[in-house]
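All remarks here apply to the structure that follows.
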Amino acid sequence: MSENTEHVKCLIIGSGPAGYTAAIYASRADLKPVMYTGMLAGGQLTQTTDVENYPGYPNGIMGPEMMEDFRKQAERLGTDIRFGYVSSVDFSSLPHKVVVDESKTILADTVIISTGASAKWLGLESEQKYSGFGVSACAVCDGFFFKGQDVAIVGAGDTAAEEATYLAKLCKKVYMIVRRHEFRASKAMMHRVLNTHNIEVLYNTQTQEILGDGQSVNGVKVFSNKTNEERTLDVTGFFVAIGHQPNTEIFKNWLDMDATGYIITKPGSTQTNIEGVFCCGDAQDHIYRQAVTAAGTGCMAAIDAERYLAAKEHTVALQ
């Protein structure tokens, strides 16, 4: 084996709550996992501020600090954590072949994919400036911080409609900004929005700018395509609900995926259509997308990988 090739029992690709939890369980099962963090070590949570809905942190915790705790625990238990990105994979034979940073080849008996998903943004500079300081891509995660306040949400699909009604229970007023003249959401979700008294739907409206005082959001400038008028909404929170993109591009020719690119796993497990390849976290979950559910599937993936290897060893021993 060349010095640029390495054989490992368990390779974990990605380092959010799912990846780190998989690493903790795989380490304790003596799978000697090697993790490549990807370019955003710690995943989406490193771009959030307060996390108040993860069990075990009674006073809440900052997202980056929480991911640092996860990393330290995985490392203490023996995970070999490396900074780097997977540039290509070959799942045609065992062990699986994974190329890192376009230079190093890893031969892996099992692969756990935890590459997550990225929120789609509008592309405004102010959106990134106030991300975590009034701008959020997750109403379930951050809605609580805007209790009794006025907020805006942009989007027209089922997720946007669901998040708008969720916010309406907490906030005084919710402006729902819809770019076209109609919803993309299902009729049932649309009716739910239209029957919620404190949601005001702004059709044919585009977000121009998120306004703030340098510290936090205090308004959103919108433009009506119908009236050609500009107005400012007095809001303290701005939620983007225009979808998520799973970070699964490099697995496209190998793994079964849905139309959006989420990896399909066998019901009740993290097993993909390829033997010895498992997937956990937001790369396969387009429904819940929470840190705690990602961690749960990370645990499942490590247990699935360990049982898969044990069954293989047992089969070899019987031959």
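Taken together, the values in this text are just the output of simple stated rules run on the coordinates, not laboratory data. If you're wondering where the values come from, they're calculated on a predicted model, not measured in any experiment. Here Cβ is always computed from backbone atoms with ideal geometry, including for glycine, and neighbour counts include all displayed protein chains.
Tell me what the chain gives for mean residue ellipticity at 222 nm when only DSSP H runs of n ≥ 4 count, each as -39,500 (n - 2.57), the sum divided by the residue total, rounded to 500 deg cm²/dmol. Spell out each step's value before the answer.
On the way: 7 runs with 84 residues, N = 319.
That comes out to -8000 deg cm²/dmol.
Under a point-charge model restricted to the Cβ atoms of Lys and Arg (+1) and Asp and Glu (-1), what is the dipole moment magnitude of the chain relative to its Cα centre, in debye to the nearest 20? Numbers along the way, then the final one.
On the way: 28 positive and 37 negative charges, 123 e Å.
Computed about the Cα centre, the dipole is about 600 debye.
Quick one: net charge of Ala23's neighbours, Cβ under 15 Å, K/R +1, D/E -1? Could you put the intermediate results ahead of the total?
Details: positive: Lys9, Arg28, Lys32, Arg71, Lys72, Arg76, Arg82; negative: Asp30, Glu68, Asp69, Glu75, Asp80, Asp304, Glu306.
Residues close to Ala23 contribute a combined charge of 0.
Placing unit charges on C-beta atoms (Lys and Arg positive, Asp and Glu negative, everything else neutral), compute the dipole magnitude of segment 121-240 about its Cα centre in debye, rounded to 20. Could you put the intermediate results ahead of the total?
Numbers: 13 positive and 14 negative charges, 75 e Å.
Computed charge dipole of segment 121-240: roughly 360 debye.
Please give the Cα centre distance for segment 211-269 versus segment 79-123, rounded to the nearest Å.
25
Work from the charge dipole of the chain (Cβ charges, +1 for Lys and Arg, -1 for Asp and Glu, about the Cα centre) and give the residue of Ala26, Val51, Val220 farthest towards its positive end.
Val220
Calculate how steeply helix 158-170 sits against the longest principal axis of the alpha-carbon atoms of the chain, using the helix alpha-carbon long axis, and give the answer as 0 to 90 degrees to the nearest 10.
Computed tilt is about 60 degrees.
Once you have the Cα-Cα distance between Glu230 and Glu313, take 0.36 nm times their residue separation minus that, and quote the gain in nm to one decimal. The partial results should precede the final answer.
On the way: separation 83, 0.36 × 83 = 29.88 nm, distance 6.72 nm.
Computed gain between Glu230 and Glu313 is 23.2 nm.
If the cut-off is 12 Å between C-alpha atoms, which aspartates and glutamates fall inside it for Lys104, apart from same-chain ones fewer than 8 positions away?
List returned: Glu3, Glu6.
Against the 2.2 N^0.38 Å scaling, with N counting residues, where does the chain land? I'd like the Cα-based Rg ratio to two decimal places. Walk me through the numbers on the way to the answer.
Numbers: Rg = 21.8 Å, N = 319, 2.2 N^0.38 = 19.7 Å.
Computed over Cα atoms of the chain, the ratio equals 1.11.
Could you work out the longest stretch of the chain that avoids the GluC sites (Glu not before Pro) located in DSSP loops with at most 15 other Cβ atoms within 10 Å? Can you show the working numbers first?
On the way: sites that count: Glu3, Glu52, Glu102, Glu182, Glu275.
Counting at most 15 other Cβ atoms within 10 Å as exposed, the longest clean stretch of the chain is 183-274.
Which semi-axis lengths, in whole Å and largest first, follow from the square roots of five times the eigenvalues of the Cα gyration tensor of segment 121-240?
Values: eigenvalues 81, 60, 29 Å².
Listed largest to smallest, the semi-axes of segment 121-240 are 20, 17, 12 Å.
Mind listing the phi-derived Karplus ³J(HN,Hα) values for segment 37-45, rounded to whole Hz, using 6.51, -1.76 and 1.60 with θ = phi - 60°, and x for any glycine or proline?
6, x, 6, 10, 4, x, x, 4, 5
For segment 93-147, state which trypsin sites (Lys or Arg not before Pro) are in a DSSP loop and have at most 11 other beta carbons lying within 10 Å of their beta carbon. Don't skip to the end; give the middle numbers.
Details: sites: Lys97, Lys104, Lys120, Lys129, Lys147; in loops: Lys120, Lys147.
Sparse-neighbourhood loop trypsin sites (Lys or Arg not before Pro): Lys147.
Relative contact order of the chain: what whole-number percent is it, with Cα pairs under 8 angstrom and at least 6 residues apart?
On the way: 725 pairs, mean separation 64.1, N = 319.
Result for the chain is 20 percent.
With unit charges on the beta carbon (Lys/Arg positive, Asp/Glu negative), name the residue among Gly14, Met62, Thr205 whose Cα is farthest towards the positive pole of the charge dipole of the chain.
In the chain, that residue is Thr205.
So which trypsin sites (Lys or Arg not before Pro) in segment 203-295 are both in a DSSP loop and have at most 11 other Cβ atoms within 10 Å of their Cβ? Don't jump to the answer; show the numbers that get you there.
Values: sites: Lys221, Lys226, Arg231, Lys252, Arg289; in loops: Lys226, Lys252, Arg289.
Filter output for segment 203-295: Lys226, Lys252.
Once both labels are modelled 7 Å past Cα along the beta-carbon direction, what's the Gln215-Phe144 spacing in nm?
Simple spin-label model gives 2.3 nm for this pair.
Determine which lysines satisfy two conditions relative to Lys266: a Cα distance under 26 Å, and not lying fewer than 8 residues away in the same chain.
Result set, ordered by chain and number: Lys9, Lys32, Lys97, Lys252, Lys312.
When only Cα pairs under 8 Å and 6 or more residues apart are kept, what is the percent relative contact order across segment 121-240?
Numbers: 254 pairs, mean separation 36.8, N = 120.
Reported as a whole number, the value is 31 percent.
Cut-off 20 Å, label point 7 angstrom out along Cα-to-Cβ of Glu125: give me the residues of segment 204-245 whose amide nitrogen falls inside.
207-223
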